[in-house]
Structure formats: structure tokens, C-alpha cells
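The values are calculated or read from the model by the stated rules, or taken from the named source; none is laboratory data. Computed from a prediction, not measured in an experiment: that's the story for all the values here. Cβ coordinates were reconstructed from backbone atoms using ideal geometry, including for glycine residues, and neighbour counts include every protein chain displayed. Surface areas here come from the heavy atoms of the whole protein model, side chains and all, with no ligands, DNA or RNA. Shrake-Rupley method; radii C 1.70, N 1.55, O 1.52, S 1.80 Å.
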Amino acid sequence: MTVSSGSGVRVIGLISGTSIDGIDVAAAELRADGDTVVLSPLGQLEVPYPETLREALLAALPPNPCDAEQLTKLDTLVARAFAEAAARGVDELAGGEADLVASLGQTVFHWVEDGTARGTLQLGNPAWIAERTGLPVVADLRVRDVAAGGHGAPLASTLDALWLREMAALGPVAALNIGGIANITVVPADGAVLAYDTGPGNALMDIAAHRVTGRRADIDGALALRGAVRPDLLAKLLLDPYYAAAPPKSTGKELFHGAYLDAALDGLPPVGAEDLLATLTELTAVTIAAECRRHDIATLIVSGGGADNPALMAALARNLPGTALKTSDDHGLPRAGKEAYLTILLGWLTWSGVPGNLPSATGARGHRLLGSITPGAGPLRLPAPHSSTVTRLRVAAKTGER
């Protein structure tokens, strides 16, 4: 990656993860300092989806049918929600002034066939964001990597590789994000960074909790903490060939959905609600832990909604007794907003003419400039491409108003 020093760029980042709870918004100022990208967080917030939109998005996910009319309407509704979230980010986080918006959108389908990513679809057309804010928007950040033979995920590897490089000198370190799908970035002391999806994260737990309680998740892991792991169900779930597949690899809710859970339960003695949640929590922990042991991880830095689940964090600690468990908050990036800050970094890289993918992690044929740029209210004026090599990301203290 190459950049040159200069004045800071104030960026708003937007993403809705695979849990489809709402839109994560963050603001930051970024500048280059020699071989280091300096990211100064300005704050983050979460904008929940209207319940009707969330239900419509969930209803459109595989294996449910979804026609062109429904998809078009959802794309526009998501885009409008993202546009309002961006406007709030500018006003509430960036002091009313920003240079750029970056959006990773709402993933609704990730097409993987025979271990190869064939396509990926994110809703939330950036034209609506540009129209609402008047700012240029960098979006569609995954597709170019897929077109270059990669998985388009996990793009968190770009941030993690720069952010954790110095820490890796003390022993292999990994960053783990637990959303609907869990993904890991392995940063060795030397050698290529590796990143991939480990498995379902919160996806199956959320489905089970909603069926039992009507709520979106097992709040505070309460059901799982009262239950016991069912070895028969866990063993059946672990037979899924995804876990044995070699990275790079990626997955999503097109695999881990309600019908998938029903198929796993079929033919087994009845499983009570608490035992079901305990078993699904253990599945997520066991599959993550197996990948950490594979790479001899000394320190695991956790972010995402799963980091707030005491049952899951306890299961991780139990399965990784020799690994230090931290959260991204311990290193300057709030765990709830880390993916929004990732989006900010990716947008800044594209805006600056710098490739944003990591081929060793995604499997792409090489480094690529990611995404497309939608002009804002005025003519599009890109900065001159940066020219010096960047090897690190430093998270600085919050910047002042400008």
C-alpha cells in the first residue's frame, strides 16, 4: 500500500453487518505520517433499522424467495436509511463537516460455489447517500476483489494487518469479529497475513433465541448460561464441510439459516431451548478456537456483538486456555464500531488511490483499488495518488473540532 503525508481527510463510515440489526456509523480523521496511517476516531453510533425494514430484509434472505420488485424496493429503503445515518454521522460525530462517506452497505447474498466466490450483493445504492449529504461516496467495496478471484471478505484483514503488525512481534496475534458470521485475521510476526470466516458467529444463536423468546438474540447469553451442551447435536453440526475447507474461504446466512438448524435437529431427541443455545454458543466457540490453535495464536482481540455475550466469551476462554483474550477497546477501537472504522479506512484508501485488499487474506490475484466513487453535490476532485509505502495503522486520540 502506498501513501504520502498531507492534511487529514474526515470520513464517515457506514455498514450493516450480517445480524441486520441496524447501521453502524463512525467518523474519523485520517492522515499519512511516513509509513503509518494515523486514524483519529471522532465517535460512533448505531442507527437501528425500522422494524418493518429489518423484517423485510430477513424475509428476503435465502432460502426464502425474493423477486426483482422486492429487491429493488429493499435497495432503495436501505439506501435511504444509510443516507439518514450518514447525515447523522456528519452532524453528530464530525462537527457538521466531512470530506467523504464510505459505505459497505447491507450484504444480502454472498455467492460461493465449490469454494470459490462467484459474486456478492450489498444493498444501499450510494446515490441516495450522496444526494442527502452532498458528499462523494465510496461504495461497492467488495466486488472488485471478487472479480479478481478473491472472496471479497473478510476485508477486515486490511485494517488488522496494519493495526496489529507491531503487536505481532511479541507472538502471533489474531483479530476476531463476531457478528452474524465470525471472521478471523491472523497476523504473524513475519509472513503473509491470513483471514477468513470461521463459521456462523451469532447467526444460529440469534435464530434459536428469536424462536424461543421473540427477541433478536440471547441477551447477555442468559439462556445459554442456564443450559448444557448437547454432544450429539454439537457433533452433528461440526460435520459441516465448511469447517474442514482450507482458507481463503467465506460464508454467510445463505448457508447458516433456519432450515439449516432444522436439518441439524432432525432425527435427534428433543433439545430444550436452554440446551440448544448452550450448544450453538459452544459451536461458535469451538470452531473459532480450532482456528486459533491452528495458528498458535498468543493474543486474540475480539470485536463485534459477540464480544458482549458473556456465555460466548466464557466458552472461548474455556476452549483457549493458553490464549490472552482482549477486546479491540483495549487497543483504541471500540468493539461495537470497529467495522465502521474499517469502512472508513477502506474508503480513505480508495479515495487516495491506494489498493485496499490483501490478496493473502482474500485470495485475489493481486492488489486492487476497491469500490466505486459517486460524486457529491459538486465536481469530483480526487487528491493526487499517494506515493510512499504504508505498513502500519496507528489509532490516535480523538481529534478536535475543525
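Details
- Only helices (runs of 4 or more DSSP H) whose full extent lies in segment 149-252 are considered here, and the ones with at least 1 residues that are farther than 15 Å from P359 by Cα and open to solvent by less than 20 Å² (accessible area, probe 1.4 Å) are 203-213, 222-226, 231-237.
- L100 being modelled with pLDDT of 95 or more, in contact with a Phe, Trp or Tyr (Cβ under 6 Å, 6 or more places away or on another chain) and either surrounded by 15 or more Cβ atoms within 10 Å (Cβ to Cβ) or of a type outside the set (D, E, K, R) (or both): yes
- V112 vs. criteria open to solvent by less than 20 Å² (accessible area, probe 1.4 Å) and either in contact with a Lys or Arg (Cβ under 9 Å, 6 or more places away or on another chain) or in contact (Cβ under 8 Å) with a residue 60 or more places away in the chain (or both): no
- When A285, A289, A336, A340 are screened for being aliphatic (A, V, I, L, M), open to solvent by 40 Å² or more (accessible area, probe 1.4 Å) and within 22 Å of the chain's Cα centre (by Cα), only A336 passes.
- Scanning segment 133-148 for residues that are open to solvent by 60 Å² or more (accessible area, probe 1.4 Å) and under 17 Å from T343 (Cβ atoms) yields D140, V143, R144.
- In segment 203-217, the residues that are touching a residue at least 12 places away in the same chain (Cβ under 8 Å) reach residues that are of a type in the set (D, E, K, R) and open to solvent by 70 Å² or more (accessible area, probe 1.4 Å) with C-beta atoms within less than 7 angstrom, at least six apart or across chains, in these pairs: D206/R216; A209/R215.
- Scan of segment 122-132 for residues that are touching a residue at least 40 places away in the same chain (Cβ under 8 Å) and open to solvent by less than 40 Å² (accessible area, probe 1.4 Å), ordered by number: L123, G124, P126, I129, A130
- The one condition in (1) in contact with a helix residue (DSSP H, G or I) (Cβ under 9 Å, 6 or more places away or on another chain); (2) in contact (Cβ under 8 Å) with a residue 40 or more places away in the chain; (3) among the aliphatic types (A, V, I, L, M) that A59 fails to fulfil: (2)
- Elements of type helices (runs of 4 or more DSSP H) contained in segment 284-402, each with 2 or more residues being in contact with a Pro (Cβ under 7 Å, 6 or more places away or on another chain) and closer than 30 Å to L237 by Cα: 359-362
This table checks each residue for (1) buried (at least 19 other Cβ atoms within 10 Å of the Cβ); (2) at pLDDT 95 or above; (3) in contact with a strand residue (DSSP E or B) (Cβ under 9 Å, 6 or more places away or on another chain).
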{"site": "S4", "(1), (2), (3)": "no, no, yes"}
{"site": "V9", "(1), (2), (3)": "yes, yes, yes"}
{"site": "L14", "(1), (2), (3)": "yes, yes, yes"}
{"site": "G17", "(1), (2), (3)": "yes, no, yes"}
{"site": "A28", "(1), (2), (3)": "yes, yes, yes"}
{"site": "V37", "(1), (2), (3)": "yes, no, yes"}
{"site": "L61", "(1), (2), (3)": "no, no, yes"}
{"site": "N64", "(1), (2), (3)": "no, no, no"}
